[in-house]
Structure formats: C-alpha cells, structure tokens
Amino acid sequence: MTGLLESALADLLGRFHAGQPAALGQAISLVEDERPGFQDFLHEVLGGGPSAARIGFTGPPGAGKSSLLSLVAMNYRAQDEELGVVAVDPTSPYSGGALLGDRIRMSDLATDPGVFIRSMATRGLLGGLATTTKEVLDLMDAFGFDRVLVETVGVGQTELGITAATDTVIVVLVPESGDAIQAMKAGLMEIADIFVVNKADRPGADRLVKDLRQGLHLRAATALESSSAHHDFDPARIINKSGKELNKLAWSPPVLSTVAQSGEGVEDLMDTIKAHRLWLGESGELEERRRVRQRVQIQDVMDRELRRTVWHSDAVLAELDQALDRIKKGKDTAYSVAGDILDRLLR
C-alpha cells in the first residue's frame, strides 16, 4: 500500500478497530469488490484468529430459513449478545446485485442497533455462498460480534459451501421438501449438525421427521449411538456432561420440529445449538473444524491469487497467443500449453 491508498486503508482500519458499524460496512465492500489493498487490510484485521460462534442456516427455498434465523437472533439479543448476520441472496439477472429478499424478511432485526445485517449476491457462484462470504464472516468475527449467523441462498442440494464457513450447520426443511431419504443420498443431508422440520403444523411433517430419523439411524448403524438418541434427543444429555464424559460422546444430528410463525420449537432449537457448541469445544471438534477452514481458505486465496497473477501477466498472455497458432497446426494441445505455462510460472 502506498500514498493515499495506504492512508485511506489505515484510517478505515482505525475506525474498524474502534467498533464503528460504518467502517465494517466499508470493509466488507472493500473485500467484496476486491479493491486494491484488500489483502493487506484482511491481513491486519485477522491476526487475532476466530472467536465468534458461527451458525449456518441452509435448505431449499421456502423452508423458512429467514424467519427461523430471525427468531434465533432475537433470542440471542434477549441475552444481550451482539450479532452479525449475512444473508446470501440470488443475483439479480438485471442489476447483478442481491435481490435482498432475505433482508426484507428480517425487517424485525434491521432496526436493532445490536444486529449488523449484510446481504450478499452469489454472482452466479454455486455452493450456496458468495465468493467472499467466508472473508466477510471473518471480518464480522474480527469486529467483535459474539455470534455470526449466515443464511445460504437456498439453491437446493448444492449448498455444501456452508460447511467450510460455519461451526454449526442447521438444515431447515419443510413437509413439502420431498423424499427425505432421497435428499440424504443427494448430499445436502450429509452436512447437517441439526435438522429442523419447519412449518411442522402442516400435513406430512410427522412423516418427514420419522423418515429423517430412520435415515440417520441407518447411516449410523455401526455407531455406538442407539436409535433412541435420535428419537428422544435431550440437550441436557450433552449440557450436563463433564468434559471427560463429553469427549466420549459422538454427536448425533437431532431432528427438531418448529413452527417459526408462532415460535413453537424455537426454545428446543436454542438448547440444541447450545449443546452442539459445548460438544464442539469439549470434544476438540471446534478446533479441528477451524483448522480445516483455514486450510480451505489458504487454498481459496492461492487459487484466486494464481488466477490474478496468470491473467495479468503480459508474458503469459503473449505465450497464450502464440500457443493458439501451434494448436491450430496440430503441434500442441490445451493440456500441453497449460503445462508449459505452469512450468514457467513455477520456475
């Protein structure tokens, strides 16, 4: 960083550390747009490591993720916790920005000074998250929030990116979600720490809960947990254990029922999130997940910087133009050219 840019970022960094929400918003925009110096800014900000509890909500469209997240957030606010919320929305095909549907549905939180909400556009990226969602979560963590909540775009069964961004993954389904067992085979169901069947007052909810529990029991047939652990989950079973006993317990994803409109079942969900957080810490799983998250982030940063280096290199672009002629003459292929360019870069 040099000159005015260095001064501007230093000023932003100071206001960020002073806890100014406007500075957080500007820092997020800096990172989202990948403006010059954003890597240096992140380096300065993220030195302390993660501390906030990160909770992800994912599932198909219309499952009530936003409503459920809002209720969870209000419960934490009642405990005087300050929260960061990231709502990943579909990209508008016209403006390229977020449609902001989730933020509208979180209007009860929008006026709370203890809650910072940021909507992000996927910009066509698969996986349920935007390109820089994980870095935005890091910024919110560094800003000092007690807890950071994130809701994915709800693209269906490809939302696996949430596992590399949060500590606790909540998969929200509704009776209309379809065949639960088939969904489990498709992949989305493999990522959950907690299952929630929302809109449980609708027909078919009990059947979905039963199918999920049976599917989970079949998947964990060789584990020590009995099927009753899935049917009669009690958060106190985790919360009341000592650290030594807790280390011996494997986490069995419970299946909960909620009705977000009335608040039914939300208290059980809060207890279960607490139990999972306690298990993460005492079992060592939290540290392991954070370690994996850092590994994935290093890979993502390297991928991004390598692409930036390659496609901003005059030498590489010149080599590419020459290679196209050799490919046309049958002397090279895309694979040999790519290999030559990589060899040159690595040397």
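Quick notes
- All told, Phe16 meets the bar of being out of contact with any Asp or Glu (no Cβ under 7 Å at 6 or more places or on another chain) and buried (at least 18 other Cβ atoms within 10 Å of the Cβ).
- Hey, Ala73 modelled with pLDDT of 95 or more, loosely packed, with under 14 Cβ neighbours inside 10 Å and in the same structural domain as Ile170 (by TED's automatic domain parsing) or not: no
- Qualifying position, being under 18 Å from Thr163 (Cβ atoms), of a type outside the set (Gly, Ala, Ser) and modelled with pLDDT of 95 or more, among Leu280, Leu188, Leu216: Leu280
- Gly62 exposed (fewer than 14 other Cβ atoms within 10 Å of the Cβ) and free of Cβ contacts under 8 Å to residues at least 60 places away in the same chain: no
- Taking the criterion of being assigned to a strand (DSSP E or B), small (Gly, Ala, Ser) and modelled with pLDDT of 95 or more, the only residue of segment 76-114 that qualifies is Gly84.
- All of Phe57, Phe38 fail the test of being modelled with pLDDT of 90 or more, within 25 Å of Gln297 (Cβ to Cβ) and outside the structural domain of Ala275 (by TED's automatic domain parsing), apart from Phe38.
- Annotation note: Cβ proximity below 9 Å between a residue of segment 269-297 that is on the phi > 0 side of the Ramachandran plot and a residue that is at pLDDT below 95 and of a type outside the set (Gly, Ala, Ser) (sequence gap 6+ or interchain) occurs for Gly284/Asn247.
- Listed by first and then second residue, the pairs linking a residue in segment 252-268 that is in a loop (DSSP other than H, G, I, E, B) to a residue that is acidic (Asp, Glu), with Cβ atoms under 6 Å apart and 6 or more places separating them unless they lie on different chains, are Ser252/Glu225; Pro253/Asp193.
The values are calculated or read from the model by the stated rules, or taken from the named source; none is laboratory data. Just so we're clear, the structure is a prediction, and the values are computed from it rather than from any experiment. Don't worry about glycine lacking a Cβ; one is built from the backbone with ideal geometry, like all the others, and counts go over all protein chains shown.
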